[in-house]
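Everything on this sheet refers to the single structure shown next.
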Amino acid sequence: FTKSKSALNLTQNIDATTAPAHAGDLIRYQLTTKNIGGTPGAPALTEELSDVLEYADVTEPSGGTLNNGILTWPSETIAPGATLVKTFTVQVKNPIPATPTGLSDKFSYDLRMDNVYGNGVSITIQPPLPKQVEIASTNLPDTGASTGTVIVLIVSLLTLF
């Protein structure tokens, strides 16, 4: 079997991987499974969504069942050369969570919805203001303790006069 995935931002009417998703956007994922073998088969049809669910909610599972971050469809037999397509829709949370990036998992709350079904699909999220501050603060120069001490001493001396 070969598997592939694509995502369409229904709200913006574009490929969801080409521009950031905004609060409230609807995104439809399409999972394609093709039987390239010579006999019928019934592959497991599951989609791991834990990273997507940090920023979106499943609004239309299209026959799938969501349980503990995994969307599962009933098994279906696919004839040789045939293709099975499953879709599901998520809606980006409004407001977008401003949860800081995880310390133990740098990919948690990283303003991206990443998942894989044969190929990887990564959708960036438009950052809310608190996340913009977090991003900016991680890009500040590291001045070191001695520079900080000098600045505190200068400010202290200026306030004495």
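The values are calculated or read from the model by the stated rules, or taken from the named source; none is laboratory data. All values reported here derive from a predicted model rather than from experimental measurement. Note: ideal-geometry Cβ built from the backbone for every residue, glycine included; neighbour counts use all protein chains shown. Accessible surface areas use protein heavy atoms only, side chains included; no ligands, DNA or RNA. Shrake-Rupley method; radii C 1.70, N 1.55, O 1.52, S 1.80 Å.
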Practice prompt. Confirm whether Pro43 is in contact (Cβ under 8 Å) with a residue 40 or more places away in the chain, open to solvent by 50 Å² or more (accessible area, probe 1.4 Å), assigned to a loop (DSSP other than H, G, I, E, B) and closer than 18 Å to Ser4 by Cα.
Written response: no
Worksheet item: For Leu158, are the conditions met, namely being at pLDDT 75 or above and in a helix (DSSP H, G or I)?
Response: yes
Practice prompt. Can you tell me which residue within the stretch 98-113, out of those that are part of a loop (DSSP other than H, G, I, E, B) and crowded, with 16+ Cβ neighbours inside 10 Å, is modelled with the lowest pLDDT?
Written response: Tyr109
Worksheet item: Any idea which of Asp57, Asp15 is free of Cβ contacts under 8 Å to residues at least 12 places away in the same chain and open to solvent by 50 Å² or more (accessible area, probe 1.4 Å)?
Response: Asp15
Worksheet item: Is the stretch 26-36 home to any residue that is in contact with a Ser or Thr (Cβ under 9 Å, 6 or more places away or on another chain), part of a loop (DSSP other than H, G, I, E, B) and under 26 Å from Glu76 (Cβ atoms)?
Response: yes
Worksheet item: Among (1) modelled with pLDDT of 90 or more; (2) out of contact with any Ser or Thr (no Cβ under 9 Å at 6 or more places or on another chain); (3) not in a loop (DSSP other than H, G, I, E, B), where does Val90 come up short?
Response: (2)
